[in-house]
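To keep things clear, I will list the structure first and then write my remarks on it.
Taken together, the values in this text are just the output of simple stated rules run on the coordinates, not laboratory data. Everything numeric in this text was worked out from a predicted model, so none of it was measured. Here the Cβ positions follow ideal geometry from the backbone for every residue, glycine too, while neighbour counts run over all protein chains shown.
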Amino acid sequence: MSEDQIQLISLDLIDRPKRPAREIIDPEKVRELAESIRENGLQEAIKVRPQNGRFEVVYGDRRYLAHKFLGVKEIKAVVEDLTDQQTAVIRGIENLQRVDLTPSEEGMTYLDLRENGGMSPHAIAKRFGKSHSTIDRYLNLAQCSEEVRRAVDRKEVSLNVLETLQEIEDLDQFDYFFKMAASNGISEKVARLWVDDYLKSKMGTYYNQDGSAPSANIEVVLKPAFMTCEVCHGPCEIKA
């Protein structure tokens with residue numbers, strides 16, 4: 001990058017990205033970066049693109065926020081006229097080079113590449129050396145609610161557990177089981193037991209077309225129930 005490509009642009013003319021790479025930016029990290037810039041200057045210019053007489057940050061959002069923190073009026077920036085598709089691809093490449101991305105941030109990057117970068121999951125996988133299934137998993141996470149994504153980011157629920165629980169189609173039931181999973185840190189094996197039990201219960205429930213209770217002509221078969229005998233420790237049938 002040559003020096004003549006770098007311009008000094010007023011911070012008042014710059015807007016943050018419409019979809020920042022990081023959904024949550026630690027103010028302390030911004031402060032530390034600001035102090036580093038105060039001491040050593042900005043080591044790498046940010047990149048912006050013209051947008052309706054202003055400029056939008058393409059990458060370098062935290063450097064931009066650090067300058068705002070310092071109260072300076074201008075920042076060094078490379079200006080490039082980019083389409084939404086080009087912007088999404090450049091941001092994706094920049095973001096995925098980071099080593100501290102959360103699962104949500106990685107998923108949101110893939111989602112931006114798909115929706116705004118015009119890339120298919122197969123193309124994303126090929127471009128970044130990932131398996132197609134990995135891209136699909138992170139895209140799935142990116143489209144979950146914020147509550148779900150935060151639980152995965154905090155490692156309260158693994159992607160495997162989330163995907164298993166997503167077999168529960170009833171949203172209220174999914175929400176119940178997911179909160180239980182996040183509170184107890186369950187394994188995929190336990191999640192599978194929960195889901196299997198839910199599906200069996202669902203299959204065993206019969207409804208009329210109008211949603212009313214089953215009619216009286218449905219034959220009900222009573223099955224014996226057992227408990228453990230306190231004397232012989234064998235099964236003991238419970239009599240009604």
Q) Karplus couplings for the stretch 54-71 from phi (6.51 cos²θ - 1.76 cosθ + 1.60, θ = phi - 60°), rounded to Hz, Gly and Pro as x? A) 10, 9, 10, 5, 8, 8, x, 4, 5, 5, 5, 5, 5, 5, 4, 4, 6, x
Q | Cα gyration tensor shape for the stretch 81-137, rounded if a/c is under 1.5, else prolate or oblate | A | oblate
Q) Here are some pairs, 130/189; 130/155; 126/200; which of them have Cα atoms lying more than 28 Å apart in this structure? A) 126/200
Q: Note down the nm distance, to one decimal, between modelled labels 7 Å out along Cα→Cβ at residue 166 and at residue 7.
A: 4.2
**Q.** Whether the stretch 49-97 is rounded, prolate or oblate, judged on the alpha carbon gyration tensor where a/c under 1.5 counts as rounded
**A.** oblate
Q.
Whole angstrom only: what separates the Cα centroid of the stretch 9-61 from the Cα centroid of the stretch 144-167?
A. 30
**Q.** For residue 58, distant residues with modelled amide H under 5 Å away
**A.** 47, 48, 49
Q: Apply 1/(1 + (r/R0)^6) to the Cβ-Cβ distance of residue 180 and residue 127, taking R0 = 51 Å, and write down the FRET efficiency to the nearest 0.05.
A: 0.85
Q) Tell me which aspartates and glutamates have Cα within less than 20 Å of residue 18's Cα, excluding those fewer than 8 residues away on the same chain? A) 26, 56, 61, 80, 81, 84, 94, 105, 106, 112, 115, 146
Q: Give a residue-ordered list of calculated ³J(HN,Hα) values for the stretch 8-14 (Karplus: 6.51 cos²θ - 1.76 cosθ + 1.60, θ = phi - 60°; whole Hz; x for Gly, Pro).
A: 9, 10, 5, 4, 5, 9, 10
Q) Which of rounded, prolate, oblate describes the stretch 75-193, given a ≥ b ≥ c as roots of the alpha-carbon gyration tensor eigenvalues and a/c under 1.5 marking rounded, otherwise prolate only if a/b is larger than b/c? A) prolate
(Q) With θ taken as phi - 60° and the coefficients 6.51, -1.76 and 1.60, list the Karplus ³J(HN,Hα) couplings across the stretch 176-186 in order, rounded to whole Hz; mark glycine and proline as x. (A) 4, 5, 5, 5, 4, 5, 5, 6, 10, x, 6
